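Peer 1: I am attaching a structure below and will ask some questions about it afterwards.
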Amino acid sequence: MQHDRGPGPVTHAAPPVRAGATASPEALPVRPSRAPRPLAAQLLTFAVIGVVNTATYYGLYLLLLAVVPYLAAHLLAFALSLTGSFFLNARFTYRTRPTLRKFLLFPLGNATNFLVTTAGVHVVVDVLHQGHRLAPLLASGVAIPVTFLVSRTIMSPGPR
């Protein structure tokens, strides 16, 4: 048996929608947004998604090699893993709604990573005279936080 506990929270009741029609965005219930996560938690989640993204890319690349040439396999695997990374970061890292604008700007983070890593490898090898084998890993130590900040700026719902 249910007991009436009084009126619940006041919500906006949408008018009925006839079959086949869609409700206007104003009539849809609004889901309360969650508070932004602490910066350290966002960075950790971003890094974990980066590892998942890399594994996804490589797995797709190997699978696609069976049916297409290596360059096509690379391009398809890259595009698919980048798309997955976008949605995972929108949901788990930044807790924001994915939009077309954010989706189109998201690859700027990868471009930033490429530029910072390339410059870092050059500095480690040619300026600091360190070995070229570890240079990409050392450069990534700088590139990942910079890439995170670019990505965070793109994915942020508003000014920080």
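The values are calculated or read from the model by the stated rules, or taken from the named source; none is laboratory data. Remember, it's a predicted structure, so these values are computed and weren't measured experimentally. Backbone-built Cβ (ideal geometry, glycine too); neighbour counts: all protein chains shown. Surface accessibility is based on the protein's heavy atoms, side chains included, excluding ligands, DNA and RNA. Shrake-Rupley method; radii C 1.70, N 1.55, O 1.52, S 1.80 Å.
Peer 1: Which one of these is open to solvent by less than 100 Å² (accessible area, probe 1.4 Å) and either part of a helix (DSSP H, G or I) or over 20 Å from Ile49 (Cβ atoms) (or both): Thr153, Thr112? Outline the logic, then answer.
Peer 2: Numbers: Thr153 fails: open to solvent by less than 100 Å² (accessible area, probe 1.4 Å).
Exactly one of Thr153, Thr112 is open to solvent by less than 100 Å² (accessible area, probe 1.4 Å) and either part of a helix (DSSP H, G or I) or over 20 Å from Ile49 (Cβ atoms) (or both), namely Thr112.
Peer 1: With Leu115, Leu43, Leu108 as the choices, which residue is more than 10 Å from the chain's Cα centre (by Cα) and either farther than 20 Å from Leu138 by Cα or among the β-branched types (Val, Ile, Thr) (or both)?
Peer 2: After applying the criteria, what remains is Leu108.
Peer 1: Checking Phe86 against (1) of a type outside the set (D, E, K, R); (2) at pLDDT 95 or above; (3) open to solvent by 40 Å² or more (accessible area, probe 1.4 Å), which test does it fail?
Peer 2: Unmet for Phe86, out of (1) of a type outside the set (D, E, K, R); (2) at pLDDT 95 or above; (3) open to solvent by 40 Å² or more (accessible area, probe 1.4 Å): (3).
Peer 1: Between residues in the stretch 86-99 that are more than 15 Å from Leu43 (Cα to Cα) and residues that are part of a helix (DSSP H, G or I) and among the aromatic types (Phe, Trp, Tyr), which pairs lie under 9 Å by C-beta distance while being six or more apart or on different chains?
Peer 2: These pairs meet every condition: Phe87/Phe103; Pro98/Phe86; Pro98/Phe87.
Peer 1: State whether the residues of the stretch 82-102 include one that is over 21 Å from Thr54 (Cβ atoms), part of a helix (DSSP H, G or I) and more than 10 Å from the chain's Cα centre (by Cα).
Peer 2: yes
Peer 1: Identify, please: which residue in the stretch 122-137 is open to solvent by less than 50 Å² (accessible area, probe 1.4 Å) and modelled with pLDDT of 90 or more and is, among those, farthest from Ala47 (Cα to Cα)?
Peer 2: Val125
Peer 1: Going by what's in this entry, would Ala40 be described as out of contact with any strand residue (DSSP E or B) (no Cβ under 8 Å at 6 or more places or on another chain) and open to solvent by less than 50 Å² (accessible area, probe 1.4 Å)?
Peer 2: Numbers: out of contact with any strand residue (DSSP E or B) (no Cβ under 8 Å at 6 or more places or on another chain): yes; open to solvent by less than 50 Å² (accessible area, probe 1.4 Å): no.
Answer is no for this residue.
Peer 1: Against the definition (open to solvent by less than 40 Å² (accessible area, probe 1.4 Å) and at pLDDT 90 or above), how does Ala119 come out, yes or no?
Peer 2: No.
Peer 1: Go through the residues of the stretch 105-112 one by one and say whether even a single one is within 26 Å of Tyr61 (Cα to Cα), polar (S, T, N, Q) and in contact (Cβ under 8 Å) with a residue 60 or more places away in the chain. I'd like the intermediate steps shown before the answer.
Peer 2: Of the stretch 105-112, the ones within 26 Å of Tyr61 (Cα to Cα) are 105-112.
Then keep just the ones that are polar (S, T, N, Q); that gives 110, 112.
This time we only want the ones that are in contact (Cβ under 8 Å) with a residue 60 or more places away in the chain, so: none.
Scanning the stretch 105-112 turns up no residue that is within 26 Å of Tyr61 (Cα to Cα), polar (S, T, N, Q) and in contact (Cβ under 8 Å) with a residue 60 or more places away in the chain.
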